[in-house]
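Each reported figure results from applying straightforward, stated rules to the coordinates on display, with no laboratory input. Keep in mind that this is a model prediction, so the values were computed, not measured. Quick reminder, even Gly has a Cβ in these numbers, built from the backbone with ideal geometry, and neighbours come from all protein chains shown.
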Amino acid sequence: MNLKRTAFYDIHVACGAKIVPFAGFEMPVQYGGIIEEHKLVRERVGVFDVSHMGEVEVRGKDALAFVQKITVNDAAKLAEGRVQYSAMCYEDGGIVDDLLVYNMGDHYMLVINAANIAKDVEWMEKNIFGDVNLKNRSDDISLLAVQGPKSLATLQKLTNADLSSIQYYHFVRGTLAGVDMTISRTGYTGELGFELYFPSDVATGKKVWDAVFEAGKEFGIGPVGLGARDTLRLEMGFCLYGNDIDQTTHPLEAGLGWITKLDKGEFNGKQVLVDAKSAGMKRKLVGFTLAEKAFPRHGYEITSNGEKVGVVTSGTFSPILDKGIGMGYVPLSYSKPGTAVNVNIRNKEIAATVVPLPFIKK
């Protein structure tokens, strides 16, 4: 399989990144070290290349009706300049993908996970009706995430747009570092941050990257890889497709009831979700912390009294809490915060406690 490279590949190599295959791309997993990069984002400002993510434009007079049919959230409430976290479901309620929906004014932009681009586009095309035109722009758009307490001060130097006036999950179209782009107050870290969408070519990418790093130099800005992106999102209890959610899970049991609007019109999987809610959840995605400095990993068993009661979907060592943290599905009877369970790590039962999400409060 030929791996793709983003417009920033040569920059990553020059920065000493460890490059790994990820979702069909050669991507930086870390530069100096995951813990160091994690703390950089929590304390100052870091930059992620997330250009591997997919972007699909939805146009036509039935664009809104189409987005309503394929997503669980209520896109009718999405005014121009706003972003919405949502998910697509199969007819059986299983999750196709989680995604962001942007109301661009004259069209919608759906931002999807890199590993799911082909599958998601195929699913969208299968669901097309009326006057709807889909365009996969994934290869045309670069995406940088600038995240951390000093992200606004860094980027404000480069644009006339008033970044402090952009609310969470809102965006503006403007010029930054001399490049026309979408500046979105979003991110996957739980910190103050922005995601920058702009045309994908090496020269433009270098121009934006260099400008952002020059502007952030006084704050100790640095590049951040996919490793710290994962630990940052897990501390916030954010789901990762392929780990915490997939086609075998539905949004309600994954703790995504808040984005699942069962009172809106018909959408894929609605009846199954309505029935599941009325019948009551059988299992739930929960967070847990470990009593010692162990590292829970995806696939490890969650146990009680020597019996398997669940499975770890995501796990890591939290640099902020200085302990092992993870998420996993357990029966409802084990889902209450404070419940004692164990995680089987290399045939050793490590004590764990179910805790509310997110792990850290921002």
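Quick rundown of the values:
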read-out	value
Under-5 Å amide H pairs with residue 339, H placed in peptide plane, nonlocal only	354
Convex hull of segment 89-191 built on C-alpha atoms - directionally averaged projected area, nm²	8.2 nm²
Stokes-Einstein D for segment 171-300, Kirkwood Rh over Cα pairs, 10 °C, 1.306 mPa s (µm²/s)	85 µm²/s
For segment 55-71, Karplus couplings with θ = phi - 60° (6.51, -1.76, 1.60), whole Hz, Gly/Pro x	10, 10, 8, 10, 10, x, 5, 9, 4, 5, 4, 5, 4, 4, 5, 8, 10
Two-decimal log10 I(q)/I(0) for the chain, as the Debye equation yields it once each C-alpha is a single scatterer, q = 0.08, 0.11, 0.12 Å⁻¹	-0.40, -0.78, -0.93
Positive minus negative residues near residue 142 (Lys, Arg vs Asp, Glu; Cβ under 13 Å)	-2
Too-long pairs where the Cα-Cα distance tops 31 Å, listed order kept, from 277/348; 18/217; 39/264; 150/207	277/348; 39/264
Cα centroid separation, segment 285-322 to segment 1-51 (Å)	26 Å
DSSP beta bridges in the chain [antiparallel fraction, %, rounded to 5]	95 percent
Using distinct alpha-carbon pairs, which all enter the 1/r mean, Kirkwood radius of segment 286-361 in Å	11.8 Å
For segment 54-136: rounded, prolate or oblate by the Cα gyration tensor [a/c cutoff 1.5]	rounded
